[in-house]
Structure formats: structure tokens, C-alpha cells
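First up is the structure itself, then whatever we jot down about it.
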Amino acid sequence: MYFIYEKIIFIFKICHILRIDHIFQCAGPSMEPTLQSNNILLTEHISPRLNKIQRGDIVIAKNPSNPLQNICKRVIALPGDTVKGPYSIRNHVVPKGHVWLEGDNSSNSADSRSYGPVPLGLIKSRALLRIWPLDCIGSLV
Ligand SMILES: *[C@@H]1O[C@H](CO)[C@@H](O)[C@H](O)[C@H]1NC(C)=O
């Protein structure tokens, strides 16, 4: 256990030097079963800055309906893609500079189906690894 802890500290230091670190704790059930509420994620800032966000990525973004809150959702669609929310009959085309985000737990997630496409500028980082709990350490990409 102690050695795992030391390794994690070491990885953090490297990440900090490379400036790719951002630790994020998920709250809420919207990404179950992929992520649980206590999970802590290691995320990187590079992809959003370079516009390299892809479908399927798990991203941390500012909540469009409350800028003081962060959300953790999956990228479902990119600009130009067509999506259909379960509560809407109309198809939406995701506008330029936006993405469509949804939680994996679709019956329990406030996401693009309620607040619409999310501006790329609100995406802060992309999840790379779950680092807590220790017995669930693993890649998210
Ligand atoms: C979705 O969230 C609800 C409420 O927290 C939970 O009971 C349910 O198990 C979750 N669904 C999945 C697939 O994890």
C-alpha cells in the first residue's frame, strides 16, 4: 500500500512539472456505472486547448446553467453531428464551437438534453485516469 502511495505522489509530481495535472472529484450519480460519486480523476488540459476533444471522451466542464459548478460528462457529439434527445422530437445539429454532453446514467443526468449544446470554451479538461479508490485505478480513455 505504501509503495502504491509513493508511486502516486511521484506521478503527481511529474504531471505537475509537465503541467498536465488537474485533480477532479466527481459528485453525483450522472456518470454511473462508469464513475461513482467518490471517484477522483486525473485530468489533462491539453486536449481542450488544442481542440482535440473527441466523441467518447469524458470531460470536465463548467456547468452551463451554473458557472460556479463543474460537470463531468461524456462527449456524445461534435460540431456538425446530429443528435436526438429523448425529450425532443426534433433533431439538433450541434453548432460550430459546441459539443453535446450526456451522462452515462441517462435516466439520472442533467446534460445537453436539458441545457443544449455546450460551448467548447466551457470544457476545462479531459479525464485520463481514475486514481481513487485505489482498487479501481484505471484508464478512462
Ligand atoms: C443511475 O442513478 C440512479 C440514482 O442514483 C441509480 O439508482 C442507478 O443505479 C443509476 N444507474 C446506473 C446504470 O448506474
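Quick one: is Glu102 in contact (Cβ under 8 Å) with a residue 24 or more places away in the chain and open to solvent by less than 50 Å² (accessible area, probe 1.4 Å)?
In short, yes.
Scan the stretch 28-41 and tell me whether some residue there is of a type in the set (A, V, I, L, M) and open to solvent by 50 Å² or more (accessible area, probe 1.4 Å).
No, there is no match, as no residue in the stretch 28-41 is of a type in the set (A, V, I, L, M) and open to solvent by 50 Å² or more (accessible area, probe 1.4 Å).
Is it the case that some residue within the stretch 62-71 is within 16 Å of the ligand (Cβ to nearest atom) and not aliphatic (A, V, I, L, M)?
Scanning the stretch 62-71, I find no residue that is within 16 Å of the ligand (Cβ to nearest atom) and not aliphatic (A, V, I, L, M), so the answer is no.
Can you name every residue in the stretch 74-89 that is at pLDDT below 95 and within 16 Å of the ligand (Cβ to nearest atom)?
If the condition is that a residue be at pLDDT below 95 and within 16 Å of the ligand (Cβ to nearest atom), then Pro86 is the only one that fits.
Just for the stretch 122-135: of the residues that are surrounded by 13 or more Cβ atoms within 10 Å (Cβ to Cβ) and of a type in the set (A, V, I, L, M, F, W, C), which one is farthest from Phe12 (Cα to Cα)?
Leu122
Select from the stretch 65-80 the residues that are in contact (Cβ under 8 Å) with a residue 24 or more places away in the chain and open to solvent by less than 50 Å² (accessible area, probe 1.4 Å) and write down the one among them that is nearest to Leu41 (Cα to Cα).
In this case the residue turns out to be Cys72.
Inspect all residues belonging to the stretch 95-117 and state whether any of them is farther than 27 Å from Ile17 by Cβ, over 14 Å from the mean Cα position of the chain (by Cα) and of a type in the set (Val, Ile, Thr).
Among the residues of the stretch 95-117, not one is farther than 27 Å from Ile17 by Cβ, over 14 Å from the mean Cα position of the chain (by Cα) and of a type in the set (Val, Ile, Thr), which makes the answer no.
Residue check: is Asp57 among the acidic types (Asp, Glu), closer than 28 Å to Ile17 by Cβ and open to solvent by 50 Å² or more (accessible area, probe 1.4 Å)?
no
Within the stretch 112-121, identify whether any single residue is open to solvent by 30 Å² or more (accessible area, probe 1.4 Å) and hydroxyl-bearing (Ser, Thr, Tyr), and answer yes or no.
For the stretch 112-121, residues open to solvent by 30 Å² or more (accessible area, probe 1.4 Å) and hydroxyl-bearing (Ser, Thr, Tyr): present.
At pLDDT 80 or above, within 16 Å of the ligand (Cβ to nearest atom), over 20 Å from Gly97 (Cβ atoms) and among the hydroxyl-bearing types (Ser, Thr, Tyr): does that describe Thr43?
No; evaluated as a whole, the condition is false for this residue.
Within the stretch 90-141, how many residues turn out to be farther than 17 Å from Ile53 by Cα, within 16 Å of the ligand (Cβ to nearest atom) and part of a strand (DSSP E or B)?
Number satisfying all stated conditions: 1.
Go through the stretch 60-115 and give me each residue that's hydroxyl-bearing (Ser, Thr, Tyr) and touching a Gly at 6+ places or on another chain (Cβ under 9 Å).
Ser109, Ser112, Ser114
The values are calculated or read from the model by the stated rules, or taken from the named source; none is laboratory data. Bear in mind the structure is a predicted one, so any value in this text is a computation, not a measurement. Ideal geometry is used to build each Cβ from the backbone, glycine not excepted, and the neighbour counts take in all protein chains shown. Each accessible area value is taken on the protein alone, full model and side chains, heavy atoms only, with ligands, DNA and RNA left out. Shrake-Rupley method; radii C 1.70, N 1.55, O 1.52, S 1.80 Å.
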